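Presented below is the structure to which this report refers.
The values are calculated or read from the model by the stated rules, or taken from the named source; none is laboratory data. Quick caveat, the model's predicted, so the values are computed rather than measured. Note: ideal-geometry Cβ built from the backbone for every residue, glycine included; neighbour counts use all protein chains shown. Remember, those area values only see protein heavy atoms, side chains included, never the ligands or the DNA or RNA. Shrake-Rupley method; radii C 1.70, N 1.55, O 1.52, S 1.80 Å.
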Amino acid sequence: METVVESGQTATQSHVALFNQALAAAHLGRVEEARSWGTEGLRRALANDDLFNATWHRAVLGFLELSLGRSAQAHEHLEPAVRYLERMGAAEPAIIPCVPDAVEALVALGRPDEAEPLVDRLHQQGSARDRPWALATAGRCRGVIAAARGELEEALAALEGALEEHRRVAQPFELARSMLVHGQIQRRRKQKRAAREALHGARDAFADLGARLWVVRADAELARIGGRPPAPLELTASERSVAELVAEGRTNREVADALFMSPSTVQAHLKRIYRKLGVRSRTELAAGIDRTPSED
């Protein structure tokens with residue numbers, strides 16, 4: 001934005017910089033800034049007949065409302081964005097990557113049948129160009145739709161396929177969103193341990209990225225799981241998985257690849273593991289960890 005202002009293009013081009021500011025703010029949960037920048041950017045883009053960047057602003061505003069759990073408001077922004085993409089006819093699925101958000105909003109509004117064609121097109125585009133993001137998010141969307149219909153085994157299979165696609169590209173926020181849905185499905189299947197592991201993994205990744213609105217969503221899902229949560233000094237399922245792989249001699253990168261985490265999330269887990277177990281190094285961890293499975 002500073003560069004745009006210094007170049008004297010404020011009146012005609014600042015809506016492009018406003019989009020980038022709004023996008024970052026929305027992911028970081030800075031709600032008022034994101035909404036203000038996105039709304040003003042949309043106004044300026046429309047004033048300049050720039051429908052492409054207007055659609056980007058709509059996508060950001062829709063994502064922000066979805067992050068807040070406001071599905072109806074999200075749909076108001078995302079529906080015209082999706083229609084624009086359909087008219088545009090672009091072969092690249094991520095040219096404005098708003099379709100997964102539009103699907104989630106429609107499903108939350110009880111309209112999965114309307115969402116399904118959007119997922120089919122996203123998957124077709126992803127397959128045609130071998131785009132891991134499109135294939136992963138299409139899998140997540142299929143899982144969301146199946147879960148909404150009560151088809152939990154189909155939903156689980158779709159999410160497991162999505163997680164495999166996520167391994168092909170380093171996009172930790174999208175991966176965490178899929179882990180969140182995976183945990184929701186496992187909770188509904190009454191698989192408490194698997195649900196906790198997926199949800200803790202998602203929460204840790206969101207926290208690591210600074211995506212505070214999504215930390216809140218993960219916490220809300222964790223609160224819905226009954227039974228006994230891990231004690232304060234007991235390793236969570238995610239921490240135990242990290243500890244066991246580190247004890248085997250794997251590097252943070254190797255652990256991250258195996259558990260669908262970022263290396264920084266692995267490092268954050270290790271800090272908590274060291275504190276809980278009273279160890280100070282990987283060598284002490286390997287010597288002292290109890291390899292027996294933890295109880296739910």
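Quick look at the values:
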| read-out | value |
| --- | --- |
| Total residues in the stretch 109-139, condition among the small types (G, A, S), open to solvent by 30 Å² or more (accessible area, probe 1.4 Å) and assigned to a helix (DSSP H, G or I) | 2 |
| Condition check for A158: farther than 30 Å from Q21 by Cβ, touching a Lys or Arg at 6+ places or on another chain (Cβ under 9 Å) and in a helix (DSSP H, G or I) | yes |
| Qualifying positions in the stretch 212-248 - open to solvent by 60 Å² or more (accessible area, probe 1.4 Å), within 13 Å of L199 (Cβ to Cβ) and at pLDDT below 90 | P229 |
| Test: L213 is assigned to a loop (DSSP other than H, G, I, E, B), more than 27 Å from G150 (Cβ to Cβ) and touching a residue at least 40 places away in the same chain (Cβ under 8 Å) | no |
| Only listed residue being free of Cβ contacts under 8 Å to residues at least 40 places away in the same chain and within 26 Å of Q73 (Cα to Cα), chosen from R111, R129 | R111 |
| Of all residues in the stretch 28-47 being under 19 Å from L209 (Cα atoms) and touching a helix residue (DSSP H, G or I) at 6+ places or on another chain (Cβ under 6 Å), the one that is surrounded by the fewest Cβ atoms within 10 Å (Cβ to Cβ) | E33 |
| Residue that is touching an Asp or Glu at 6+ places or on another chain (Cβ under 8 Å) and aliphatic (A, V, I, L, M), where the choices are L106, L85 | L106 |
| Residue among T283, T251, T292 that alone is farther than 27 Å from F63 by Cβ, surrounded by fewer than 17 Cβ atoms within 10 Å (Cβ to Cβ), modelled with pLDDT of 90 or more and among the polar types (S, T, N, Q) | T251 |
| Scope the stretch 164-174; condition open to solvent by 20 Å² or more (accessible area, probe 1.4 Å) and either under 22 Å from A26 (Cβ atoms) or in a helix (DSSP H, G or I) (or both); matching residues | E164, E165, V169, A170, Q171, P172, F173, E174 |
